[in-house]
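J.: Below are the structure tokens for one structure; questions will follow.
The values are calculated or read from the model by the stated rules, or taken from the named source; none is laboratory data. Computed from a predicted structure; not experimentally measured. Cβ coordinates were reconstructed from backbone atoms using ideal geometry, including for glycine residues, and neighbour counts include every protein chain displayed.
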Amino acid sequence: MADLAQLEGFDWDEGNLGKNWERHHVTPWECEQAFFNRPLVVADDEPHSAQEARHYALGQTDAGRLLFLVFTVRASRLRIISARDMSRKERNRYHEQAQKETDVQE
């Protein structure tokens, strides 16, 4: 898994920009916000990593929208491949992680 702190920004592909909006009504700004808000759950997406290493993230926008994002890293930039609202299972995992982070801080 790439160290997200070492990345220099985002790399947007025109096709993915349109696809994410048309299919799921997710804007590029919402995707970027999710990577700066906590908690952020990140894991490898091994089943979809045949051509290049892919990862997924569970995060939230500034407005509290919970997103599932698939991404890869290219030349020190994060490229969003897909973005959509989290499923119930993903929301449960995200909230479990948020609770763990809260417990650690106390």
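J.: Quick check on the range 12-38: of everything there that is among the aromatic types (Phe, Trp, Tyr) and not in a loop (DSSP other than H, G, I, E, B), which residue is surrounded by the most Cβ atoms within 10 Å (Cβ to Cβ)?
T.: Phe35
J.: Would the range 67-78 turn up any residue that is at negative phi, polar (S, T, N, Q) and either in contact with a strand residue (DSSP E or B) (Cβ under 8 Å, 6 or more places away or on another chain) or surrounded by 14 or more Cβ atoms within 10 Å (Cβ to Cβ) (or both)?
T.: Checked the range 67-78: at least one residue is at negative phi, polar (S, T, N, Q) and either in contact with a strand residue (DSSP E or B) (Cβ under 8 Å, 6 or more places away or on another chain) or surrounded by 14 or more Cβ atoms within 10 Å (Cβ to Cβ) (or both).
J.: I'm checking my understanding of the structure. Among residues of the range 39-52 that are surrounded by fewer than 15 Cβ atoms within 10 Å (Cβ to Cβ) and not in a helix (DSSP H, G or I), which one is modelled with the lowest pLDDT? Reasoning before the result, please.
T.: Kept after step one, since they are surrounded by fewer than 15 Cβ atoms within 10 Å (Cβ to Cβ), are these residues of the range 39-52: 43-44, 46-47, 49-52.
Going one step further and asking which of them are not in a helix (DSSP H, G or I), we end up with 43-44, 49-52.
Values: Ala43: 90, Asp44: 88, Ser49: 61, Ala50: 69, Gln51: 78, Glu52: 81.
The residue in question is Ser49.
J.: Right, here's the next one. Quickly run through the range 53-66 and pick out the residues that are part of a loop (DSSP other than H, G, I, E, B) and of a type in the set (Gly, Ala, Ser).
T.: Listed by number, the residues that qualify are Ala53, Ala63, Gly64.
J.: Go through the range 67-106 and give me each residue that's in contact (Cβ under 8 Å) with a residue 24 or more places away in the chain, part of a strand (DSSP E or B), closer than 21 Å to Gly9 by Cα and not β-branched (Val, Ile, Thr).
T.: Passing the criteria: Leu67, Leu69, Arg74, Arg77, Leu78, Arg79, Ser82, Ala83, Arg84.
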